[in-house]
Structure formats: C-alpha cells, structure tokens
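The values are calculated or read from the model by the stated rules, or taken from the named source; none is laboratory data. This is a predicted model, so every value here is computed, not measured. Because the Cβ atoms are built from the backbone with ideal geometry, glycine has one as well, and the counts that use them run over all protein chains shown. Heavy atoms of the whole protein, side chains included, go into the accessibility calculation; ligands, DNA and RNA do not. Shrake-Rupley method; radii C 1.70, N 1.55, O 1.52, S 1.80 Å.
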Amino acid sequence: MTLADLFVAIFFSVLLFISGCSSVSSDVQAGRNALQTGRANDAVGYLTQAAAADPNYKIPYRVQVSVLAYLGRAYLETGKATEARQTLERAVKLDNDDPLAHLYLGIAMLKAGEVERGRKEIEVGLRAIDDTLEYIQEDRVSGFYWDPNMQIRDDVRKTLAAKLDDSQLIMAGDRIGAQFDEEIDKARRDEGRGRGGGGGDGGGGGM
C-alpha cells in the first residue's frame, strides 16, 4: 500500500466515524422528541438503533444523559418491564452519576415489586436531579436559565419529604424525570436567545 492509499483509507475511516456519530446523535434526539411528545413506541425504535450503534453515547449538553437511560424510559412507557430493567441496570453500571438512569431503574424495580430497592433508587435519582440543578445554578453565566423558578427542585423536595405510596412515588418520578429532560432543551434555547444566538449546548461537547 502506498502512502496515498493509506491516506485515502484513513480519510474514509474518519468520514465513516463522523457519519456514525451523527447518525447516533440524530436517532437519540429523535427518540427524545418522541418521548417528550408521548410517542414511546417510536422512541423505542430510534433509541434501540442508537444504543446498538453506541451504547456509551450521551447527549452532548450540560447534563449528559445516556442513550440507555432514555431507552429504559421508553421501554417502561411501552410496558416492556424486563427490557427496561436490564437496560437501566446497564445504564447505571456504565455511569453511576446519571440521575435519570437511577430514577427510571427505581421505577422499574418498584413496578416489579422490589419496594425497598426501588424506592431507594428513585430517591437517589431525585436527589441527583436536585443536586445537578443546584450545581448548575451556581454558574453565573448559564445557571440563570436552569429551573429559574425552582419548579423542578421544589417538586423534588416535596416528593422526598412526603410519605407517598408506591404508585404515587412512581407518578411523581415520571413527572419529575420528564420535566428534567425537557429542562435540558429549554435551558439551551433560553440561553441561546439570551445571548442573541440560535441556541447553546450549555457547556457540553459532541462528536
């Protein structure tokens, strides 16, 4: 192989890598959009494809939620409890700091009758959401745009302080998880408008 041939091979390998990253990113975003608009079956399709291509993928924003956490949520919303549990356990194993992975794993466990472990995981996820928002708010540049009215944090704290039964805790977890995921996009849009641009990524980086 000549030097020119080697260069061409490397060039096309890089193109394929970039194309693959772009495809995964697009599928994850499409899956998130489907979840946010109540189309869980569509979300499973997009996110299954993305997870198969790159199970380590995380959205490249200030809060980096994993594709597996989203896929686990999609499985939960389509009633696929076994798939949800397996996917979310894998998500937590890959990233123990992913708040939505813990939250939805707890919901999956609670639905399966594992009350003590399920409630504990939900609480871990909720506290992580609260801690994450508190940490971001300390950022004088972009913190202003995150949960500005403390709606999510107040909901988390009220939920943790209340003596909710299992079904009530599941409902609260679902609600807060959805609010938190939507806040990731809302904060990016608001920050972009505030800076006179089309949208920022809140400090993250992508492929």
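Residues of segment 168-193 being over 20 Å from Asp98 (Cβ atoms) and hydrophobic (A, V, I, L, M, F, W, C), which ones? Even if it seems obvious, please write down each step before you answer.
First, pick out the residues of segment 168-193 that are over 20 Å from Asp98 (Cβ atoms): 168, 171, 189-193.
Within segment 168-193, just Met171 meets the criteria.
Among the residues of segment 137-158, count how many are touching a helix residue (DSSP H, G or I) at 6+ places or on another chain (Cβ under 6 Å) and either within 12 Å of Gln179 (Cα to Cα) or at pLDDT 95 or above (or both).
6
Among (1) open to solvent by less than 60 Å² (accessible area, probe 1.4 Å); (2) at pLDDT 95 or above; (3) closer than 21 Å to Leu94 by Cβ, there is one condition Ile59 misses while meeting the rest; what is its number?
Result: Ile59 fails condition (2) only.
Suppose we keep only residues that are among the polar types (S, T, N, Q) and farther than 20 Å from Gln29 by Cβ within segment 62-107. Which one would you say is surrounded by the most Cβ atoms within 10 Å (Cβ to Cβ)?
Gln86
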